[in-house]
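Heads up: the structure comes next, in structure tokens.
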Amino acid sequence: MLIHRTQDIAPSNITPRALFDRRREFLRLSAGAALAGLLPSAEAKLGPGRPSPYSISDTPTALKHVTGYNNYYEFGTDKEDPARTAGALRLRPWTLSIEGLVKQPKTLGIEDILKLAPLEERIYRLRCVEGWSMVIPWLGFPISSLLKLVEPLGSAKYVEFISAVQPETMPGVKSRVLDWPYVEGLRLDEAMHPLAIIAVGLYGDVLPSQNGAPLRLVVPWKYGFKSGKSLARIRLTDNEPRTSWMKSAPREYGFYSNVNPEVDHPRWSQGSERRIGEFSKRKTLMFNGYGEQVGQLYVGMDLRKQF
Amino acid sequence: MNPALLKPPLLLACLAPLAYYAWGLQTDTLGANPIEAVTRGLGDWALNFLLITLSVTPLRKLSGWTWLGRLRRMLGLFVFFYATLHLSTYLWFDQFFDWVAITKDIWKRPFITVGMLCFVLLLPLAATSNGFALRKLGGRRWQALHRSVYLIGMLAVLHYSWMVKADISRPLLYAALLGILLGLRGWWRVQERDRQLSGTYLPKRRGRIIPIVVRK
């Protein structure tokens with residue numbers, strides 16, 4: 001039997017083997033390019049960021065857990081709520097004003113803030129006051145580079161971080177679970193510490209809304225609630241800010257709220273924690289394991305009283 | 001309605017929450033913190049069954065379906081069943097049977113104290129849920145003992161509300177439902193007392209009876 005090969009395909013129309021083998025990659029790239037064209041430029045991948053000596057070498061928590069298990073009460077009090085509802089958060093235009101006891105008060109647009117300093121990847125432990133923890137590869141820059149810009153006055157002792165309130169996108173602010181806007185605070189020297197960063201991304205990509213987009217504080221040696229999300233204002237003051245959680249339950253939440261296995265919370269023992277994705281519990285470390293870097297900030301303080 | 005026919009499907013239905021969490025653990029669909037989800041879920045169901053058990057008597061009275069009463073024991077035992085599982089998850093997955101830490105916890109953390117108290121109070125009720133214990137105790141004493149379930153209900157809601165961090169809307173919902181179930185009983189008790197005092201149950205006699213009326 002004779003087999004005839006049809007000759008109606010010109011050799012020039014035949015895809016070279018090497019390209020043919022890469023067809024899926026081509027599809028993926030073109031789909032990615034089409035998608036990137038649809039989104040505003042600021043939403044494009046932020047890139048891996050510079051590696052940092054402050055990163056730890058533990059395996060980061062799975063992205064689906066980092067973005068699916070969040071405490072962000074403006075978007076609901078269940079930890080699955082923010083992943084569902086925070087997509088509505090209006091991210092543009094976004095401004096951050098830095099005011100109070102500074103020489104040069106400023107209101108900055110998000111585009112300028114993103115260009116302010118080179119982005120670094122900081123793989124940090126995150127310890128929630130509720131007794132669970134994660135390891136998150138943040139992308140951000142030290143808060144100090146923001147604060148230096150406005151030149152704090154000598155009288156400035158504290159920094160107040162005020163989160164955004166968008167009643168039309170945040171279902172949670174209708175209820176009075178907490179006093180809105182969400183307020184957190186640090187002592188100025190804590191805020192200037194190189195470990196304290198403003199995160200604008202995680203896992204090499206733009207920060208998801210449920211994690212506090214577009215600008216979120218990350219203070220890894222303190223309980224998670226100290227790291228305010230979706231920051232709108234930063235105010236330098238000479239007296240200790242009253243934070244939302246301090247107003248809600250002053251006996252349970254102190255201003256410092258450093259991770260401290262020695263000081264128990266009335267609801268949760270702080271001696272151990274469950275890292276998300278693990279079965280056994282781990283011992284909680286003093287200052288969440290960052291004691292070597294931040295211990296000197298608290299020399300001479302009774303951390304049981306000033307918890 | 002024959003309650004004997006209803007019991008097997010009811011038993012299966014009562015096991016459904018347990019099956020849900022077992023399946024969820026197996027397939028890893030309980031979210032980022034499955035152990036917390038199971039612990040809380042089992043606690044929720046202990047409280048749900050407590051409210052379901054407490055609604056048997058009001059439902060029976062309102063509907064006239066006396067056979068409902070025959071299902072109450074099984075429902076009540078499921079309160080104990082889920083409470084035991086709830087406690088076990090805490091002892092095992094939260095504390096890994098570290099009895100020193102557990103003792104400290106019960107002592108230091110009010111919501112654990114109250115939760116543990118609930119469990120201890122459930123023990124005699126579960127132990128006397130059989131016919132033998134009922135006969136041995138006698139109806140009156142048995143009933144007096146089992147009325148402690150009202151207190152257990154209040155303590156369980158307190159345990160829940162002290163556990164949550166800020167949003168107490170769900171504990172409040174449970175408190176409201178419990179309030180209705182206990183309030184109905186209180187209201188019926190007052191009415192019954194009035195009926196007895198006003199002579200409703202006295203045999204009809206000739207002549208005049210001057211009833212003792214105690215009114216608010």
*Checklist (1) surrounded by 14 or more Cβ atoms within 10 Å (Cβ to Cβ); (2) touching a helix residue (DSSP H, G or I) at 6+ places or on another chain (Cβ under 9 Å); (3) of a type outside the set (A, V, I, L, M); (4) farther than 30 Å from A:GLU74 by Cβ applied to B:SER198, failing item*: (2)
_For region B:17-28, give me each residue that is open to solvent by 50 Å² or more (accessible area, probe 1.4 Å) and away from chain A (no Cβ under 12 Å)._
B:LEU18, B:ALA19, B:TYR20, B:ALA22, B:TRP23, B:GLN26, B:THR27
*For the subset of region A:251-276 comprising residues that are within 12 Å of chain B (Cβ to nearest Cβ) and assigned to a strand (DSSP E or B), which member is surrounded by the most Cβ atoms within 10 Å (Cβ to Cβ)?*
A:GLU273
*Does B:ASP98 satisfy the condition of being under 23 Å from A:TRP132 (Cβ atoms), within 14 Å of chain A (Cβ to nearest Cβ), of a type outside the set (Lys, Arg) and within 13 Å of the chain's Cα centre (by Cα)?*
no
*With respect to the numbered conditions (1) in contact with a helix residue (DSSP H, G or I) (Cβ under 6 Å, 6 or more places away or on another chain); (2) open to solvent by less than 10 Å² (accessible area, probe 1.4 Å), which one is the sole condition not fulfilled by A:ASN288?*
(1)
_Subset of region B:159-184 that is open to solvent by 60 Å² or more (accessible area, probe 1.4 Å) and more than 20 Å from A:GLY172 (Cα to Cα) - its residue that is farthest from the other protein chains (Cβ to nearest Cβ)_ = B:ILE180
*Report whether or not B:GLY69 is more than 14 Å from chain A (Cβ to nearest Cβ) and either in contact (Cβ under 8 Å) with a residue 24 or more places away in the chain or open to solvent by 30 Å² or more (accessible area, probe 1.4 Å) (or both).*
no
*asked:* Quick check on region B:130-183: of everything there that is assigned to a helix (DSSP H, G or I) and of a type in the set (S, T, N, Q), which residue is farthest from A:GLU252 (Cα to Cα)?
replied: B:GLN143
*Under 6 Å by Cβ, and 6 or more places apart or on different chains, what pairs join a residue from region B:181-201 that is closer than 12 Å to B:VAL213 by Cα with one that is part of a helix (DSSP H, G or I) and not acidic (Asp, Glu)?*
none
*Is there any pair linking a residue in region A:265-284 that is more than 25 Å from A:TRP245 (Cα to Cα) to one that is open to solvent by 30 Å² or more (accessible area, probe 1.4 Å) and among the aliphatic types (A, V, I, L, M), with Cβ under 7 Å and at least six apart or on different chains, and which?*
A:GLY277/A:ALA62
*asked:* Just to be sure I understand, how many residues within region A:217-240 are within 21 Å of the chain's Cα centre (by Cα), part of a loop (DSSP other than H, G, I, E, B) and under 20 Å from A:LYS305 (Cβ atoms)?
replied: 2
*Test: residue in region B:29-44 that is more than 14 Å from chain A (Cβ to nearest Cβ), open to solvent by 20 Å² or more (accessible area, probe 1.4 Å) and either within 21 Å of B:ALA13 (Cα to Cα) or free of Cβ contacts under 8 Å to residues at least 24 places away in the same chain (or both)*: no
*Looking only at region A:194-203, which residues are in a loop (DSSP other than H, G, I, E, B) and open to solvent by less than 10 Å² (accessible area, probe 1.4 Å)?*
A:LEU195, A:ALA196
_Close pairs (9 angstrom Cβ cut-off, 6 or more residues apart or separate chains): assigned to a helix (DSSP H, G or I) in region B:1-23, of a type in the set (S, T, N, Q) and modelled with pLDDT of 95 or more anywhere_ = B:PRO17/B:ASN48
*Within region A:215-222, is there a residue that is basic (Lys, Arg), in contact (Cβ under 8 Å) with a residue 12 or more places away in the chain and out of contact with any Lys or Arg (no Cβ under 8 Å at 6 or more places or on another chain)?*
yes
*Residue count for region A:204-216, restricted to those that are in a strand (DSSP E or B) and surrounded by fewer than 23 Cβ atoms within 10 Å (Cβ to Cβ)*: 2
*Those helices (runs of 4 or more DSSP H) lying entirely in region A:105-193 with at least 3 residues open to solvent by 30 Å² or more (accessible area, probe 1.4 Å)*: A:110-116, A:143-150
*Being surrounded by 15 or more Cβ atoms within 10 Å (Cβ to Cβ) and in a helix (DSSP H, G or I) is the filter; apply it to region A:241-250 and report the residue that is nearest to the other protein chains (Cβ to nearest Cβ).*
A:SER248
*Can B:TRP188 be described as aromatic (Phe, Trp, Tyr), exposed (fewer than 13 other Cβ atoms within 10 Å of the Cβ) and not in a loop (DSSP other than H, G, I, E, B)?*
no
_A:ARG304 being open to solvent by 70 Å² or more (accessible area, probe 1.4 Å), in contact (Cβ under 8 Å) with a residue 12 or more places away in the chain and away from chain B (no Cβ under 14 Å)_ = yes
*Go over the candidates B:LEU121, B:LEU125 one by one and state the one that is open to solvent by 30 Å² or more (accessible area, probe 1.4 Å) and either of a type in the set (A, V, I, L, M) or in contact (Cβ under 8 Å) with a residue 60 or more places away in the chain (or both).*
B:LEU121
*Checking B:ILE106 against (1) more than 13 Å from chain A (Cβ to nearest Cβ); (2) surrounded by fewer than 17 Cβ atoms within 10 Å (Cβ to Cβ); (3) more than 12 Å from the chain's Cα centre (by Cα), the condition it does not meet*: (1)
_Verdict on A:ALA232 being surrounded by fewer than 19 Cβ atoms within 10 Å (Cβ to Cβ), hydrophobic (A, V, I, L, M, F, W, C) and more than 14 Å from chain B (Cβ to nearest Cβ)_ = yes
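The values are calculated or read from the model by the stated rules, or taken from the named source; none is laboratory data. Not measured: the values here are computed from a predicted model. In this analysis, Cβ positions are derived from the backbone assuming ideal geometry, glycine residues included, and neighbour counts consider all displayed protein chains. Keep in mind that these areas ignore ligands, DNA and RNA; they rest on the heavy atoms of the full protein, side chains included. Shrake-Rupley method; radii C 1.70, N 1.55, O 1.52, S 1.80 Å.
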